[in-house]
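Notes follow the structure.
The values are calculated or read from the model by the stated rules, or taken from the named source; none is laboratory data. This one's a predicted model, so the numbers in the text were calculated from it and none came from an experiment. Every residue, glycine as well, gets a Cβ built from its backbone with ideal geometry; the counts of neighbours run over all protein chains shown.
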């Protein structure tokens, strides 16, 4: 399956949260020469997440991007709890980029702007935001998708945060 | 005990996380005319937190400030998991102010700046930050206290966030 | 309030889960000469629970009974997750009795028999089971109360477990 | 890989906890004619676990055995929290057998007897216990393996529970 990706020359490969500890897959993407976004498992500790990255790095591929997407907790008022503290801790323990997926964390489109701003303010290197031309027609995750207009407005609001002194996005 | 506070004319009364569901205490502070900071219980849901505030409000005191201070989770790389999503959700469901205690959430002084910025960016109305003239001599929570110099620098860095368009601190 | 209990000569005093870390109350019951049932807090670790018991014991009252009543988790198919492992661990770390409240753990009457049997089989010294003459008329916790007939039948089923070799109830 | 298993005529296939939501794998084992032990994911809800079984059943293989092996929680005094309540709930919602892995749940050999008894008393249809001729030489999970002598003694102690009226193992 990885071959199909390579044949079509994809830019980046994403390991989903449910595959964070699929060790055969981690070893496979460790052997190729493409950036890998490693999403955090639903209840993975930071140590387990870093160890999963080691499986990729051990194969020679150091082009790894951590993606925090919320963890499972007792709180069910939202889809997951965005673990904002993971950002400064990962930035301290590795030199790899850390991005945030506010859409899966909150699970509702109206939560995305606040979580996006918090992520950048906490030091995240990027965001992965879900957008759909007409969210109500989306096949999955419709509740959390922004419209193109909403995304454009959000990007405008995020600019000052991304350009704050001492950081570049 | 509440009488002692009133005699000495304290400005604000704080209900600690372990007393969030001490219903007798909640009813007592509901009868007085002082602002009450209601810290979230270690594993309280948003619904339970809002219900605790209702106990205070039922007595006539609507001067309630919610304080998010981190929740308990499986992750033990830090003291608690700061639940940043609670800020926009509470701001939507009530008109009461929401502040954040980044010191108890992270448990380490070096985490405080990133968490403080994230809290303001997510819409928090204020911060409660621990400071000590010489943290290493503090009787408790020494690891999480900032020095006066660190606090001063942080306040400078927080200013642009607090003055962002559409918000006032 | 404790005085009222003592005047009426109650047999045992129960500290509820939400008061497990009400340290003033723990010190108070430490000074009296009555058995104290110390329920585990909703998200209290075993260490915190043992430390809470130390507050009571420090005052001179060593007549302490631990009561496991379920902990909070991500699973919301039942009220709480009965932490059955806490029984052998506490029995190993202290010489104090450990009982179980299967009613609050499961939250449904039909779960009580299985949880009661599991508790005794794991080494619990006793059970605290909710019963109501007509559960559907109970003012609170109606879903989890057994009828007198159900309780009688359960006690019969529990007998062989309670009389297993090497244990006494 | 599945082919290798089939060529060598294995008796049963186990889906590990980290693969509970590896949907491609679930569909694969759904197409074969062998019993499948489906271990619960570290933080999988009962609903997610039942849905994972549906992926197998949809392919025609209804020979599914649920295996509870402990869930992740805030408590780190043991490896995982054995969710004993899952047994009666699964027995009520499906007609499929439910077994328990007390070794991975507790993580320590001395916890295995108490957890095994609790599992049978709660209605489990079987146990999966780790044993090693000389545990201290085991390559992995050494702390939780019983010696052959310990296992033999435990089996003797479990017999009365397995032969209790109204159940068969």
Among the residues of region B:1-13, count how many are more than 19 Å from residue C:25 (Cβ to Cβ) and either modelled with pLDDT of 95 or more or not in a helix (DSSP H, G or I) (or both). 6
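Yes or no, residue by residue, for (1) under 24 Å from residue C:86 (Cβ atoms); (2) touching a residue at least 24 places away in the same chain (Cβ under 8 Å); (3) out of contact with any strand residue (DSSP E or B) (no Cβ under 9 Å at 6 or more places or on another chain); (4) not in a loop (DSSP other than H, G, I, E, B):
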position	(1), (2), (3), (4)
C:119	yes, yes, no, yes
C:129	yes, yes, no, no
C:133	no, no, yes, no
C:136	no, no, yes, yes
C:139	no, no, yes, no
C:149	no, no, yes, yes
C:156	no, no, yes, yes
C:160	yes, no, yes, yes
Could you check region D:28-44 and list, in sequence order, the residues that are within 14 Å of chain A (Cβ to nearest Cβ) and touching a helix residue (DSSP H, G or I) at 6+ places or on another chain (Cβ under 9 Å)? D:28, D:39, D:40, D:41, D:42, D:44
Region A:40-56: number of residues that are without any contact (Cβ under 8 Å) to a residue 12 or more places away in the chain and closer than 25 Å to residue B:70 by Cα: 2
Read through the list (1) within 16 Å of the chain's Cα centre (by Cα); (2) crowded, with 22+ Cβ neighbours inside 10 Å, then give the number of the only condition that residue A:45 fails. (2)
Which of (1) in contact with a strand residue (DSSP E or B) (Cβ under 8 Å, 6 or more places away or on another chain); (2) more than 10 Å from chain D (Cβ to nearest Cβ) is the odd one out, the single condition residue C:105 does not satisfy? (2)
Return yes when residue A:37 is under 30 Å from residue D:71 (Cβ atoms), under 16 Å from the mean Cα position of the chain (by Cα) and part of a strand (DSSP E or B) and no when it is not. yes
State all residues of region A:57-102 that are in a helix (DSSP H, G or I), touching a residue at least 12 places away in the same chain (Cβ under 8 Å) and either closer than 26 Å to residue A:151 by Cα or at the interface with chain B (Cβ under 9 Å from one of its Cβ atoms) (or both); if no residue qualifies, say none. A:86, A:87, A:88, A:89, A:91, A:102
Here are the criteria: (1) within 14 Å of chain A (Cβ to nearest Cβ); (2) part of a loop (DSSP other than H, G, I, E, B). Tell me which single one residue D:18 does not satisfy. (2)
Please specify each residue of region B:24-42 satisfying the condition of being under 21 Å from residue B:90 (Cα atoms) and surrounded by fewer than 18 Cβ atoms within 10 Å (Cβ to Cβ). B:35
Region B:126-157 - residue that is within 23 Å of residue A:164 (Cβ to Cβ) and within 14 Å of chain A (Cβ to nearest Cβ) and, of those, nearest to the chain's Cα centre (by Cα): B:127
For residue A:123, all conditions in the list (1) closer than 25 Å to residue A:156 by Cα; (2) in contact with a strand residue (DSSP E or B) (Cβ under 9 Å, 6 or more places away or on another chain); (3) assigned to a loop (DSSP other than H, G, I, E, B); (4) more than 9 Å from chain B (Cβ to nearest Cβ) hold save one; what is the number of the exception? (4)
Yes or no: residue C:53 more than 13 Å from chain B (Cβ to nearest Cβ) and surrounded by fewer than 21 Cβ atoms within 10 Å (Cβ to Cβ)? no
Could you pull out the residue among C:81, C:12 that is closer than 29 Å to residue C:136 by Cβ and exposed (fewer than 15 other Cβ atoms within 10 Å of the Cβ)? C:12
Those residues of region C:90-104 which are more than 18 Å from residue C:12 (Cβ to Cβ) and buried (at least 21 other Cβ atoms within 10 Å of the Cβ), in sequence order: C:90, C:102
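Yes/no matrix, rows are residues, columns are (1) at pLDDT 95 or above; (2) buried (at least 20 other Cβ atoms within 10 Å of the Cβ); (3) not assigned by TED's automatic domain parsing to the domain that holds residue C:43:
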| position | (1), (2), (3) |
| --- | --- |
| C:106 | no, yes, yes |
| C:117 | yes, yes, yes |
| C:120 | yes, yes, yes |
| C:126 | yes, no, yes |
| C:143 | no, no, yes |
| C:147 | yes, no, yes |
